[in-house]
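Here, each number is a calculation from the coordinates, and none is a lab measurement. Just so you know, these numbers come straight off a predicted model, no measurement behind them.
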Amino acid sequence: MNTSNLRELWRVCVAVARRMIGVPDYERYVAHLRAHHPDRTVPTYADFFAERQRARYIRGGGRCC
């Protein structure tokens with residue numbers, strides 16, 4: 001396996017792990033904003049992450065699955 005393939009494998013593994021723990025892909029979100037909401041300001045990664053954490057944990061009540 002060459003370095004390029006290992007980097008791509010690592011990128012995919014990180015993306016899958018983030019989805020498993022409930023952290024959406026920032027790059028995909030930015031692409032969506034630019035394609036469908038060009039008038040909106042693109043948040044920094046820190047702002048994006050903080051908003052996703054708030055959305056996940058301030059729903060009220062827990063969930064088991």
Item to complete: From the C-alpha gyration tensor of the chain, pull out the three semi-axes of the equivalent ellipsoid (sqrt of 5λ each), sorted largest to smallest, in whole Å.
Response: 25, 20, 9
Item to complete: Subtract the Cα-Cα distance of V14 and D39 from 0.36 nm times their separation in residues, and report this length gain in nm to one decimal.
Response: 6.0 nm
Worksheet item: What ³J(HN,Hα) values, in whole Hz, does the Karplus curve 6.51 cos²θ - 1.76 cosθ + 1.60 give for region 33-50 when θ = phi - 60°, with x put for Gly and Pro?
Response: 4, 5, 7, 10, 9, x, 7, 7, 7, 7, x, 5, 4, 4, 5, 4, 5, 5
